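The values are calculated or read from the model by the stated rules, or taken from the named source; none is laboratory data. Keep in mind it's a predicted model, so treat the numbers as computed, not measured. All Cβ positions, even for glycine, are placed from backbone atoms using ideal geometry, and neighbour counts span all protein chains on display.
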Amino acid sequence: MLVGVCDFPGSYAFPPAGYGGIERWLWAVAVGARAAGADVHLLGPGWLSELDAEWVRKPVRLEDVNAGSLAERELEAARYDLLIVGHEYPSLPAWVRTWSQLDCDVATFQHSPDFRHAESAFDGKRSRLYCYSPEMVERYAAHQPLSELAVHLGLNEEESSAVKGQDLVWLGRIDEEKAPHLAVRAAQILGRRIRIVGPVFNEDYVRSHEKVFAADHVEWVGELGGHAKTAAISDASVFVYTYERAYVEAGAAVFGESLRAGTPMAALTWREGTCAQAALCDRTGATAAVPPDADDETASVALAEAIERATVLDYAEVQSVGQHRFDPRRHFEAMAAR
């Protein structure tokens with residue numbers, strides 16, 4: 001099988017060393033495809049040039065290819081079986097025009113809860129859309145989505161054997177949608193230290209919760225990548241997951257990152273059928289589902305209770321389950337199968 005994994009214009013490298021959701025997913029699919037025995041071409045100019053020693057890298061984007069051009073003929077001659085691409089592209093006419101000439105399948109994962117696809121983008125067979133959670137499957141039901149847990153990888157993020165860590169950790173983009181102030185308050189209720197890892201996307205949000213974020217039990221780490229990022233997760237006793245009430249999580253990378261490292265998760269959700277319920281089980285974490293009309297203090301108390309439940313889990317079992325559930329090869333094979 002020949003698989004093309006397509007990049008897209010963006011501010012993060014392919015693969016990224018730190019933050020970058022879809023970029024990390026595309027890299028995980030490429031790694032998984034190779035592990036499954038497929039030949040892989042990295043399509044697009046965004047892939048790092050240092051990959052050339054081990055990967056076939058072709059700096060062409062389908063949406064930039066003209067009909068009848070040499071670039072189109074070369075794509076046709078390659079005889080791809082499957083293209084993996086970001087969720088926007090099966091609805092982009094220029095991309096679809098070139099893909100239609102290649103006689104191959106296309107698969108993508110829905111990484112946005114709000115993107116509107118073209119009515120004809122997916123047929124459920126030759127063109128396939130995958131969604132993480134029951135609420136995302138329902139949201140995109142018109143496009144015949146398939147249920148699948150996304151896997152994400154960055155550079156140099158291999159996990160070591162699971163160990164029981166000390167402090168709590170929260171990782172992600174720091175803004176109102178991700179609501180890390182709830183994790184900080186839950187840690188304070190328990191008298192636990194918490195490390196906040198990730199880039200600040202909204203300074204106004206941080207200032208609005210300045211008193212909580214400036215507390216003595218909070219350590220601001222900043223954005224990490226590679227071994228440092230993996231260590232920040234594996235050295236924690238529990239990974240604390242939060243988000244804002246109205247936000248719909250399309251497919252968070254942190255579930256796979258934490259469970260593969262052997263760190264159990266405590267997740268706050270505002271309803272059933274979210275990514276947290278799809279990713280976690282009693283062996284890997286604890287979820288607190290709080291009504292959206294509950295105030296922040298009530299939610300933080302419920303999250304604190306979930307943290308305590310997650311703390312007693314077996315870390316080796318968390319890692320074993322996580323490495324199976326979020327295995328790049330398994331993920332690719334699911335997406336490659338009609």
Determine which member of the set Ala17, Ala13, Ala28, Ala35 is over 16 Å from the mean Cα position of the chain (by Cα), more than 17 Å from Asp105 (Cα to Cα) and of a type in the set (A, V, I, L, M).
-> Ala35
Scanning the stretch 180-189 residue by residue, the ones that are surrounded by fewer than 19 Cβ atoms within 10 Å (Cβ to Cβ) and over 10 Å from Val212 (Cβ atoms) total 1
For the stretch 137-160 the number of residues that are within 14 Å of the chain's Cα centre (by Cα) and among the aliphatic types (A, V, I, L, M) is 4
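Go over the candidates Gly198, Gly165 one by one and state the one that is on the phi > 0 side of the Ramachandran plot and in contact with an Asp or Glu (Cβ under 9 Å, 6 or more places away or on another chain). Please lay out each step first, then the result.
On the way: Gly165 fails: on the phi > 0 side of the Ramachandran plot.
None of the others qualify; the one that does is Gly198.
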Of the conditions (1) closer than 23 Å to Arg192 by Cβ; (2) buried (at least 24 other Cβ atoms within 10 Å of the Cβ), the single one that Arg283 does not satisfy is (2)
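Being part of a loop (DSSP other than H, G, I, E, B) and surrounded by 13 or more Cβ atoms within 10 Å (Cβ to Cβ) is the filter here, so list the residues in the stretch 100-114 that pass it. Steps first, answer last, please.
Going residue by residue through the stretch 100-114, those that are part of a loop (DSSP other than H, G, I, E, B) are 100-104, 110-114.
Across the stretch 100-114, the qualifying residues are Gln101, Leu102, Cys104, Gln110, His111, Ser112, Pro113.
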If you check Leu149, Leu182, which single one turns out to be touching a Cys at 6+ places or on another chain (Cβ under 9 Å) and either assigned to a helix (DSSP H, G or I) or in the same structural domain as Val106 (by TED's automatic domain parsing) (or both)?
-> Leu149
Of Arg97, Arg73, Arg79, Arg57, which residue is at pLDDT 95 or above, crowded, with 17+ Cβ neighbours inside 10 Å and not aromatic (Phe, Trp, Tyr)?
-> Arg57
Odd one out for Lys229 among (1) closer than 16 Å to Thr263 by Cβ; (2) surrounded by fewer than 16 Cβ atoms within 10 Å (Cβ to Cβ); (3) of a type in the set (D, E, K, R) = (2)
Glu223 closer than 22 Å to Gln188 by Cβ and of a type in the set (Asp, Glu) = no
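Looking at Ala294, Ala246, Ala266, Ala276, which is the one that is out of contact with any Lys or Arg (no Cβ under 8 Å at 6 or more places or on another chain), crowded, with 19+ Cβ neighbours inside 10 Å and over 23 Å from Val31 (Cα atoms)? Write out each step before concluding.
Values: Ala294 fails: crowded, with 19+ Cβ neighbours inside 10 Å; Ala246 fails: crowded, with 19+ Cβ neighbours inside 10 Å; Ala266 fails: out of contact with any Lys or Arg (no Cβ under 8 Å at 6 or more places or on another chain).
Sole residue among the options that is out of contact with any Lys or Arg (no Cβ under 8 Å at 6 or more places or on another chain), crowded, with 19+ Cβ neighbours inside 10 Å and over 23 Å from Val31 (Cα atoms): Ala276.
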Residue tally, condition under 18 Å from the mean Cα position of the chain (by Cα) and part of a loop (DSSP other than H, G, I, E, B), over the stretch 213-269 | 16
Taking the condition touching a strand residue (DSSP E or B) at 6+ places or on another chain (Cβ under 6 Å) and at pLDDT 95 or above, does Ala310 pass?
-> yes
Count of the stretch 212-232 residues which are among the acidic types (Asp, Glu) and more than 17 Å from Asp167 (Cβ to Cβ) = 1
